[in-house]
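Chemist: Before I ask anything, let me first share the structure, which is written out below as structure tokens.
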Amino acid sequence: MAGQTFSKVDFSKYFQPPSLKDARRRRREAVQIINDFTIPDDMETVGREKRYLIETYGCQMNEHDTEVMAGILEKMGYQETDELKDADVILINTCAIRENAENKVFGHIGALKTLKLEKPGLIIGVCGCMAQEEVVVNKILAKYPQVDLIFGTHNIHRLPQLLKEALFGKEMVVEVWSKEGDIIENLPQSRRGHIQAWVNIMYGCDKFCTYCIVPYTRGKERSRRPEEIIQEVRELARKGYKEVTLLGQNVNAYGKDLKDLKNYGLGNLMDEMRKIGIPRIRFTTSHPKDFDDHLVEVLGKGGNLCEHIHLPVQSGSSAILKIMGRGYTRERYLDLFHKIKRAVPNASFTTDIIVGFPNETEEQFEETMSLVRECQFDGAFTFIYSPRAGTPAARMKDNVPMDVKKERLQRLNKLMDELAAQSNAKYQDQVVEVLVEGESRKNHDVLSGHTRTNKVVNFRGPKSLIGQLVKVKITDAKMWSLDGEWQAETEAMHQ
Ligand code: 5AD
Ligand code: SF4
């Protein structure tokens, strides 16, 4: 793009529009595992002396995609900056899960217009889940000519080629494959930390919960081979990482598509993880329907498998769960919950809950409240239902007014606050193991980290503890965090 004007899109050339309808189809053909990622010769040094900035919205999957895109850009010579005005390439990695996430992104793209006018050579790219939606792409095409490049979640490995088109072509480049691609194993990654790491174990989701856009934006379920995952985690252990989180939209479906491995599931993979010399292993996100007994049994073995389960329930009403297409009832969720609790007695549990699903009655909402009370969750991500165009729930008539939804959310959040405070109070005077992740954001003299049960702990100690597992005695249990004292003597005894 040159000068002060913005060029028009040449639909015939680079434009590959997304289609939620195509994305809905699930094909039978096997997923290819390929290792042929390369940077074209003429793009190897294109980023020399140039800087990039990636803004990430949404879930850990997006955070990890950002690490891959950063790795690709760094392979082309770009260096990272956190100043918008210094960037030559700005990528916005977006989230489509709720409307307010999308609005934030549009606000931000709008604000970048001035920067683009000041610096015409700047490349602005929009990627991630929103790029998979045709309404979003059409809106960008119509209203945001400052954008040079739009690419989807299945096109990340094509970033060098797409960037080339954007840098040297005149048109806005749009490439969004609605059909999920293959698994590309040799993509570079520029990890954001040296203590904790995320590892994808599978991509996509086949669950099609009626409110959710993810199966459309992330494609069908595709599992990475266990040997690739084990090798990656071993390598992270060798490099000194202390904690690995295995990632997938629905990790309990792991292995179902690996037809040559009979009945190989997440339980088997976690059993392999136990043998790797890394102190902490976590996994997210679980789906109650596919959470099987083998996994429960393996989690019960403990070791490096952390005692924290994120188990989204979404609603406590079987009738609502049915319309959501979740595939379990309130009773089955509770059975599973108690089964895990018996196998891992000191586990902490967190969940996701949607309030105000179309036509949710007061009684049905109360069923959610009573389930929350029964499970005494340690924490919950709570959301007001947000209709997503193209999903079945968005076509349902809804008789619940927004102020009622807001009031229900408030009641639920109040209950969650009480439960969080109660669960944290149990830690008072206990000595816990903390992985020290860095300085507290609020106070640089204080160190901060998490327990194995995923509680935030703040305490004073030397900076040299960052990256280590230390013992901390809890002196003040607050609602959402724990304050404590570093147990230096206990540490010395163990060494
Ligand atoms: N509206 C509100 N919340 C949603 N979630 C997913 N889709 C929607 C939606 N349309 C929530 C679910 C999910 C979490 C990641 O986001 O609770 O578990
Ligand atoms: Fe969305 Fe349901 Fe898949 Fe989770 S399991 S990503 S809520 S469709």
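The values are calculated or read from the model by the stated rules, or taken from the named source; none is laboratory data. It should be emphasised that the depicted structure is a prediction, and the values quoted were computed from it without experimental measurement. Cβ: placed from backbone, ideal geometry, glycine included. Neighbour counts: every protein chain shown.
Chemist: Taking only region 328-373 into account, find how many residues are hydrophobic (A, V, I, L, M, F, W, C) and more than 21 Å from GLN422 (Cβ to Cβ).
Modeler: 6
Chemist: Right, here's the next one. Give the number of residues within region 218-229 that are out of contact with any Leu (no Cβ under 8 Å at 6 or more places or on another chain) and either under 21 Å from THR245 (Cβ atoms) or at pLDDT 95 or above (or both).
Modeler: Residues meeting the conditions: 6.
Chemist: Does region 369-393 hold any residues that are within 16 Å of ligand 2 (Cβ to nearest atom) and either in contact with a Leu (Cβ under 7 Å, 6 or more places away or on another chain) or assigned by TED's automatic domain parsing to the domain that holds GLY58 (or both), and which are they?
Modeler: Those that are within 16 Å of ligand 2 (Cβ to nearest atom) and either in contact with a Leu (Cβ under 7 Å, 6 or more places away or on another chain) or assigned by TED's automatic domain parsing to the domain that holds GLY58 (or both): THR382, ILE384, GLY390.
Chemist: Same structure, new question: Got a number for residues in region 266-287 being within 16 Å of ligand 1 (Cβ to nearest atom) and closer than 21 Å to LYS301 by Cβ?
Modeler: The qualifying residues number 3.
Chemist: Modelled with pLDDT of 95 or more, in a helix (DSSP H, G or I) and either closer than 30 Å to PHE365 by Cβ or among the aliphatic types (A, V, I, L, M) (or both), is that true of ASN454?
Modeler: For ASN454, the condition - modelled with pLDDT of 95 or more, in a helix (DSSP H, G or I) and either closer than 30 Å to PHE365 by Cβ or among the aliphatic types (A, V, I, L, M) (or both) - is not met.
Chemist: So in region 370-390, with the set limited to residues that are away from ligand 1 (no atom under 16 Å from the Cβ) and over 20 Å from the mean Cα position of the chain (by Cα), which one is nearest to ILE309 (Cα to Cα)?
Modeler: GLN376
Chemist: Given the structure, is ARG408 within 23 Å of ILE309 (Cα to Cα) and either among the basic types (Lys, Arg) or free of Cβ contacts under 8 Å to residues at least 12 places away in the same chain (or both)?
Modeler: Considered against the rule, which asks whether it is within 23 Å of ILE309 (Cα to Cα) and either among the basic types (Lys, Arg) or free of Cβ contacts under 8 Å to residues at least 12 places away in the same chain (or both), ARG408 comes out as no.
Chemist: Checking the structure you have, find out if any residue of region 136-144 is of a type in the set (S, T, N, Q), surrounded by fewer than 17 Cβ atoms within 10 Å (Cβ to Cβ) and not assigned by TED's automatic domain parsing to the domain that holds ILE72.
Modeler: Among the residues of region 136-144, not one is of a type in the set (S, T, N, Q), surrounded by fewer than 17 Cβ atoms within 10 Å (Cβ to Cβ) and not assigned by TED's automatic domain parsing to the domain that holds ILE72, which makes the answer no.
Chemist: Sort through ILE109, ILE92, ILE97, ILE72 and tell me the only one that's surrounded by 19 or more Cβ atoms within 10 Å (Cβ to Cβ) and within 16 Å of ligand 1 (Cβ to nearest atom).
Modeler: When all the criteria are applied, what remains is ILE97.
Chemist: Only one residue in ARG441, ARG460 is under 15 Å from SER481 (Cα atoms) and under 27 Å from the mean Cα position of the chain (by Cα). Which one?
Modeler: Unique residue meeting the criteria: ARG441.
Chemist: Okay, moving on. I'd like the full set of residues that are within 18 Å of ILE281 (Cα to Cα), away from ligand 1 (no atom under 16 Å from the Cβ) and touching an Asp or Glu at 6+ places or on another chain (Cβ under 7 Å), limited to region 244-265.
Modeler: GLY265
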